[in-house]
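Notes follow once the structure below has been shown.
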Amino acid sequence: MAVLMRAKGRAEEVAAAFCPPMRQGNQKAAAKPVRAGDAVAVEATVKTLVSHTMYHGGIHTLLDKGVMEMRAHSLARVLPAGVQEDFVAASLTLPAQVAVTFFGRLVPDKPYLMRSQLVSYLSYPGRHLTNGEAGIMFAEDDADSSIDASITFIGQFIDHDLTRGALNLFDTAVRKSYITLHPDLAEALAEEPDNEASPFIDLDSVYGGRRDPEKPHCTITVPMDEATGQFELKPVAGGGFDVVRDSTSGMALIGDGRNDENQIVLQVHILLMRVHNAYVEALKAKAPALDANTTFKAAREKTILTWQAYVLHHYLPAVCRADYVDCVKARILADPMSLVHHPDGGDPRNLTMPHEFGIGFRFGHSQIRNQYRMNRHSGFPLFDSLSDGSNDLRGGKPLDASRIIDWGVFVQQPSKLIDTKVSQVAFDLPQSAVPDGIKLVGNLPFRNLQRSNDVELCCGEDLAELYAKGYAGACSVPVYSRLQIDKQRPDLFYLDNDGKRSATFRTPLWFYLLREAELARGGDAAKGQLGPLGSLLVAEVILNAIYHAPISIFKEGLADDTLVTFESLVAFAEGKGPPPLP
């Protein structure tokens with residue numbers, strides 16, 4: 001949205017919303033730009049509005065008709081008079097089409113709209129005037145877990161690989177329906193570049209090909225050395241690498257700009273680029289006659305398979321209960337349709353992203369530390385909201401030697417427990433770290449609860465009942481009682497958003513999963529994993545994303561290969577170890 005507003009007063013630019021006729025930065029021009037003022041230009045501008053709103057999971061804004069109407073009317077004023085009415089109408093109807101293209105619901109038609117008192121009780125960062133107590137999620141000194149700190153940001157990277165603001169927004173279904181309504185525009189619409197983003201673990205966030213959220217007529221390309229098939233990386237003085245950046249804005253020229261939100265997830269992204277480059281070198285050493293394109297494709301496939309093996313055998317068991325991961329794996333191998341979450345009709349093209357996962361996967365916010373040691377010589381706060389970012393780890397700026405991660409040092413730090421306590425830094429994000437247009441609300445727990453409300457998500461108890469029916473025996477799912485969830489103010493969990501008392505005790509899903517993690521931990525308090533419901537939800541979505549991917553360890557017979565560890569990834573990328581997959 002900010003990009004559009006900067007263009008205010010330049011009606012033709014805003015109306016056309018197409019790429020320039022030559023490649024600039026990481027954008028590839030569409031075949032035929034459209035003229036300002038015609039129907040395609042209106043559609044393109046609406047796509048820009050919707051894509052930018054959707055950037056980094058902005059689905060809550062997209063489904064808020066009031067916000068969308070306000071933004072549409074604001075933009076319409078700078079458009080040619082003949083298209084303003086069409087633009088506003090399209091802005092209010094297209095989002096509904098978009099939402100069903102990618103997002104689904106495991107529990108439909110059971111919205112839980114919480115009351116503000118409950119939100120305050122959970123997420124208030126200071127001390128309430130009446131009782132002197134802080135919101136129950138605010139942690140002045142949260143406990144450490146036995147999970148290392150890299151897992152927090154690997155989770156963020158996985159989230160970005162699975163979910164993209166512009167993901168599938170204007171492909172197939174929406175494009176076909178629009179062509180049906182406007183057959184005279186079929187040729188122009190058919191020439192739009194394909195969006196190669198997907199709900200799979202396939203590293204499209206690294207390799208590019210996604211639709212640009214700021215210019216929907218463009219796909220994102222990543223700087224490559226066409227002579228070798230390797231990613232271009234910029235050496236950092238003193239050691240390490242940064243990504244190539246736009247010389248004017250400093251923007252990272254990568255497949256998903258969200259991976260430059262902070263300098264830790266950026267270096268997970270860089271690690272995968274270096275793994276690809278190392279596979280190119282290994283392939284060339286075996287077969288020097290291979291051309292660059294063939295080598296690139298082979299290295300890409302090996303990098304994807306290597307990453308999937310790591311995610312399956314090391315990331316998932318780190319955050320989920322291993323027995324529950326094994327249970328989901330056994331089910332998907334026996335009958336993929338037996339999972340609670342599965343593609344409609346068994347067709348991978350119909351795989352959607354559940355809203356419940358979009359909120360539930362934010363369990364990683366409880367793992368965040370206030371500060372991180374990057375190497376033997378330096379450490380920084382994750383964010384300092386009172387500074388310009390020069391003394392913290394926010395993204396959007398070049399890496400220097402002091403911020404280059406020594407992974408051997410970094411992994412010695414523990415992440416915080418997956419629990420109902422959230423570190424102080426998450427209650428005051430700086431504006432640059434806020435992913436959507438609501439820049440002045442930096443309270444992350446509040447934002448998660450607000451987002452749950454905006455998409456009318458089910459409560460935790462409803463999702464637990466669904467999985468309890470779908471699983472039994474060794475992978476059973478308990479449904480926790482009101483006194484197990486909260487003994488201090490259970491009355492607040494009964495309130496509907498209109499202030500009336502409901503007959504049913506209901507818990508916001510995000511908080512429910514964090515509380516479940518605490519209750520299910522038992523005597524192993526330090527491990528800090530998700531509980532049964534959280535483990536099944538995360539394992540189902542991620543295993544679906546691997547199993548149904550076009551390139552998949554399940555299809556290649558590598559699903560039982562447990563040799564790919566984070567240490568082996570780092571060693572291979574740095575030229576200190578063999579290829580994780582031969």
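The values are calculated or read from the model by the stated rules, or taken from the named source; none is laboratory data. Since the structure is predicted, the reported quantities are computational estimates derived from the model, not experimental observations. Neighbour counts are summed over all protein chains in view; Cβ atoms, including those assigned to glycine, are modelled from backbone coordinates with ideal geometry. SASA here: full protein model, heavy atoms, side chains in, ligands and nucleic acids out. Shrake-Rupley method; radii C 1.70, N 1.55, O 1.52, S 1.80 Å.
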Selected residue (criterion: nearest to residue 327 (Cα to Cα)) from residues of region 503-525 that are open to solvent by less than 20 Å² (accessible area, probe 1.4 Å) and of a type in the set (Ser, Thr, Tyr): 512
Only one of 248, 228 that is in a loop (DSSP other than H, G, I, E, B) and modelled with pLDDT of 90 or more: 228
Where a residue in region 102-120 is within 30 Å of residue 200 (Cα to Cα) and its partner, wherever it lies, is surrounded by 16 or more Cβ atoms within 10 Å (Cβ to Cβ) and of a type in the set (Lys, Arg), with Cβ under 9 Å and at least six apart: 102/164; 112/506
Residue 321, sole failed condition from (1) open to solvent by 40 Å² or more (accessible area, probe 1.4 Å); (2) modelled with pLDDT of 95 or more: (2)
Residue under evaluation residue 451, criteria (1) basic (Lys, Arg); (2) closer than 26 Å to residue 115 by Cβ; (3) open to solvent by 20 Å² or more (accessible area, probe 1.4 Å), criterion not met: (3)
Lone unmet requirement of (1) assigned to a helix (DSSP H, G or I); (2) in contact with a strand residue (DSSP E or B) (Cβ under 9 Å, 6 or more places away or on another chain); (3) crowded, with 21+ Cβ neighbours inside 10 Å for residue 491: (3)
Filter result for the condition that a residue is of a type in the set (Gly, Ala, Ser) and either assigned to a helix (DSSP H, G or I) or open to solvent by 50 Å² or more (accessible area, probe 1.4 Å) (or both), over 575, 528: 575
Which listed residue, of 357, 383, 410, 363, is in contact with a His (Cβ under 8 Å, 6 or more places away or on another chain) and touching a residue at least 40 places away in the same chain (Cβ under 8 Å): 357
Odd one out for residue 190, checked against (1) at pLDDT below 55; (2) in contact with a helix residue (DSSP H, G or I) (Cβ under 7 Å, 6 or more places away or on another chain); (3) among the small types (Gly, Ala, Ser): (2)
Selected residue (criterion: least open to solvent (accessible area, probe 1.4 Å)) from residues of region 332-347 that are free of Cβ contacts under 8 Å to residues at least 24 places away in the same chain and out of contact with any helix residue (DSSP H, G or I) (no Cβ under 7 Å at 6 or more places or on another chain): 347
Selection status of residue 543, open to solvent by less than 10 Å² (accessible area, probe 1.4 Å), closer than 27 Å to residue 144 by Cβ and either more than 24 Å from the chain's Cα centre (by Cα) or in contact (Cβ under 8 Å) with a residue 40 or more places away in the chain (or both): no
Region 403-430, residues that are open to solvent by 30 Å² or more (accessible area, probe 1.4 Å) and part of a strand (DSSP E or B): 414
Filter result (more than 29 Å from the chain's Cα centre (by Cα), open to solvent by less than 50 Å² (accessible area, probe 1.4 Å) and free of Cβ contacts under 8 Å to residues at least 40 places away in the same chain) within region 283-301: 283, 287
Scan of region 352-379 for residues that are open to solvent by less than 10 Å² (accessible area, probe 1.4 Å) and either over 23 Å from residue 509 (Cα atoms) or aliphatic (A, V, I, L, M) (or both), ordered by number: 353, 359, 372, 374
Residue check for residue 554: of a type outside the set (Lys, Arg), more than 22 Å from the chain's Cα centre (by Cα), part of a helix (DSSP H, G or I) and buried (at least 16 other Cβ atoms within 10 Å of the Cβ): no
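Matching residues to (1) at pLDDT 70 or above; (2) in contact with a helix residue (DSSP H, G or I) (Cβ under 8 Å, 6 or more places away or on another chain); (3) open to solvent by 10 Å² or more (accessible area, probe 1.4 Å); (4) not in a helix (DSSP H, G or I):
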site	(1), (2), (3), (4)
70	yes, no, yes, no
82	no, no, yes, no
90	yes, yes, yes, no
136	yes, yes, yes, yes
156	yes, yes, yes, no
Pairs, first within 16 Å of residue 116 (Cβ to Cβ) and in contact (Cβ under 8 Å) with a residue 60 or more places away in the chain in region 496-507, second assigned to a loop (DSSP other than H, G, I, E, B) and among the polar types (S, T, N, Q), C-beta under 6 Å, six or more apart: 496/502
Residue in region 270-278 that is hydrophobic (A, V, I, L, M, F, W, C) and outside any helix (DSSP H, G or I) present: no
Selected residue (criterion: farthest from residue 574 (Cα to Cα)) from residues of region 229-255 that are among the aliphatic types (A, V, I, L, M) and surrounded by fewer than 23 Cβ atoms within 10 Å (Cβ to Cβ): 251
Number of the condition not met by residue 329 [criteria: (1) out of contact with any helix residue (DSSP H, G or I) (no Cβ under 7 Å at 6 or more places or on another chain); (2) farther than 19 Å from residue 207 by Cβ]: (1)
Any chance residue 258 is open to solvent by 20 Å² or more (accessible area, probe 1.4 Å) and either under 30 Å from residue 390 (Cβ atoms) or within 24 Å of the chain's Cα centre (by Cα) (or both): no
